[in-house]
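Read through the structure below, which is laid out as structure tokens, and then see the notes.
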Amino acid sequence: MTANLALIGCGAIARNFYLPALAKLRTKFGNIWLVDPSDHALSTARSIVPGRTASRLMDITDEIHLVIVATPNHLHFPLACEALSRGADVLIEKPFVIWPDEGRQIVKAAAECNRVIAINQTRRYFPVAGELREQITEGAFGALKSIVHREGTRLVWPFESGAGFARGSRRTGVVMDFGVHVVDFYHYLFQPKWEFVSATHDGFCGPEGLAEISLRANDAPISIRLSRYHEQENIAHLFFECAEVSFDVYDSVTYSVHWKTGKSVSIATDRSGNAGYGKLAEQVLLNFLAASERREQPICDAASSLPVIELLDQIYHQAGLFPASLGAA
């Protein structure tokens with residue numbers, strides 16, 4: 001029997017990521033419900049994937065087996081809990097929660113009802129992530145010494161709502177936007193013991209757009225700079241005992257290794273053209289479906305994502321304010 005699916009939230013991430021992939025994988029699902037309070041959002045979603053519509057999950061009388069939560073961040077927790085109460089397996093857009101206690105509650109609830117909570121941490125699906133993780137686990141580069149990560153560009157994402165930019169919005173800035181991707185990527189590679197060192201950002205009167213973060217991962221220092229104002233270097237440098245590994249943070253397939261012996265190589269992990277945004281969306285959905293059928297483990301589940309949320313919570317609690325002269329750097 002094919003599973004009925006409800007996509008909750010039909011805004012930008014649904015239009016650009018989930019809906020095109022659902023259209024390609026349509027035969028793998030039963031009834032598809034599109035859920036959003038906006039008639040305009042529902043109309044646009046139905047033009048991509050024909051489906052039944054509802055303004056709220058509670059209005060659906062069908063049995064729902066799978067739920068995708070693609071709403072603003074603060075709604076992830078209550079909607080995931082509602083989906084679990086209906087016996088559904090759930091895929092939640094990143095960050096899966098904004099408060100660690102909510103994350104712990106979801107992990108506990110999912111375990112108690114034997115349900116899957118998968119998280120869309122897309123960078124775990126990058127071919128470069130899988131290959132680097134394997135190389136690091138095998139000790140190919142030696143022990144990690146340090147990481148320097150610089151990421152940012154002028155924000156042009158087509159948000160359906162501007163709620164995340166309101167003056168009183170909480171945890172909707174660059175730390176919870178880019179930062180959750182960056183920290184999760186390194187968490188996936190190293191599974192480290194994290195230690196907060198320091199952080200500064202410019203968001204004390206609203207969502208932050210610039211952040212400098214210093215951490216330690218298994219005692220190795222990590223320096224992260226994030227911006228959604230201006231283009232950054234967008235390069236990561238991972239320094240190991242035997243080599244330096246570098247990659248463009250937006251290139252999902254290629255990395256370079258500069259060995260201490262003087263040899264340098266550039267490695268393409270995928271030459272098939274299957275690592276684009278659309279293919280990543282299909283991989284996320286296929287992994288979620290396989291996990292719900294107990295054929296695979298989720299590439300990212302709530303339990304493996306929770307340490308990242310806990311670290312981001314520490315960053316927000318202990319961050320200082322940028323000097324005014326650096327606020328738009």
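The values are calculated or read from the model by the stated rules, or taken from the named source; none is laboratory data. A quick note: this is a predicted structure, and the numbers were derived from the prediction, not measured. Cβ sites come from the backbone with ideal geometry, for glycine too, and all protein chains shown count toward neighbours.
Residue selection: residue 310 fails the criterion of being touching a helix residue (DSSP H, G or I) at 6+ places or on another chain (Cβ under 8 Å), free of Cβ contacts under 8 Å to residues at least 40 places away in the same chain and at negative phi. Checking each residue in the stretch 121-133 for being over 13 Å from the mean Cα position of the chain (by Cα) and either crowded, with 17+ Cβ neighbours inside 10 Å or not in a helix (DSSP H, G or I) (or both) picks out 127, 128, 129, 132. The condition (being in contact with an Asp or Glu (Cβ under 8 Å, 6 or more places away or on another chain) and not hydroxyl-bearing (Ser, Thr, Tyr)) is satisfied by just one residue among 121, 135: 121.
The number of residues in the stretch 204-220 being more than 21 Å from the chain's Cα centre (by Cα) and surrounded by 17 or more Cβ atoms within 10 Å (Cβ to Cβ) comes to 1. Any residue in the stretch 120-127 that is touching a Lys or Arg at 6+ places or on another chain (Cβ under 6 Å) and closer than 18 Å to residue 19 by Cα? Yes, the conditions are met somewhere in the stretch 120-127.
Residue 140 falls short on exactly one of the conditions (1) small (Gly, Ala, Ser); (2) closer than 18 Å to residue 97 by Cα; (3) at pLDDT 95 or above, and that condition is (2). Among residues of the stretch 9-38 that are over 14 Å from residue 285 (Cβ atoms) and in the same structural domain as residue 92 (by TED's automatic domain parsing), those with a beta-carbon under 9 Å from a residue that is of a type in the set (D, E, K, R) and buried (at least 21 other Cβ atoms within 10 Å of the Cβ) at least six positions away or on a different chain give the pairs 9/36; 9/93; 10/36; 11/36. When each of 44, 53, 61 is tested for being among the hydroxyl-bearing types (Ser, Thr, Tyr), farther than 19 Å from residue 289 by Cα and in contact with a strand residue (DSSP E or B) (Cβ under 7 Å, 6 or more places away or on another chain), the lone residue that passes is 53.
Of everything listed in (1) surrounded by 15 or more Cβ atoms within 10 Å (Cβ to Cβ); (2) in contact with a His (Cβ under 8 Å, 6 or more places away or on another chain), the single unmet condition for residue 154 is (1). Only a single criterion out of (1) in a strand (DSSP E or B); (2) within 20 Å of the chain's Cα centre (by Cα) is not satisfied by residue 251, namely (1). Note on the stretch 19-55: residues that are of a type outside the set (Gly, Ala, Ser) and closer than 15 Å to residue 72 by Cβ total 3. Residues of the stretch 224-236 that are part of a loop (DSSP other than H, G, I, E, B) and on the phi < 0 side of the Ramachandran plot: 228, 229, 230, 231, 232, 233. For the condition at pLDDT 95 or above, assigned to a loop (DSSP other than H, G, I, E, B) and more than 18 Å from residue 249 (Cβ to Cβ), residue 118 does not qualify.
Looking across the stretch 50-82 at every residue that is β-branched (Val, Ile, Thr) and either within 16 Å of the chain's Cα centre (by Cα) or closer than 14 Å to residue 118 by Cα (or both), the one that is surrounded by the fewest Cβ atoms within 10 Å (Cβ to Cβ) is identified as 71.
Residues are listed down the side, and each one gets a yes or a no for (1) in a helix (DSSP H, G or I); (2) at pLDDT below 95; (3) surrounded by fewer than 18 Cβ atoms within 10 Å (Cβ to Cβ):
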| residue | (1), (2), (3) |
| --- | --- |
| 222 | no, no, no |
| 238 | no, no, no |
| 278 | yes, yes, yes |
| 289 | yes, no, no |
| 296 | no, no, yes |
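With respect to (1) touching an Asp or Glu at 6+ places or on another chain (Cβ under 8 Å); (2) surrounded by 15 or more Cβ atoms within 10 Å (Cβ to Cβ); (3) modelled with pLDDT of 95 or more, the lone exception for residue 173 is condition (3).
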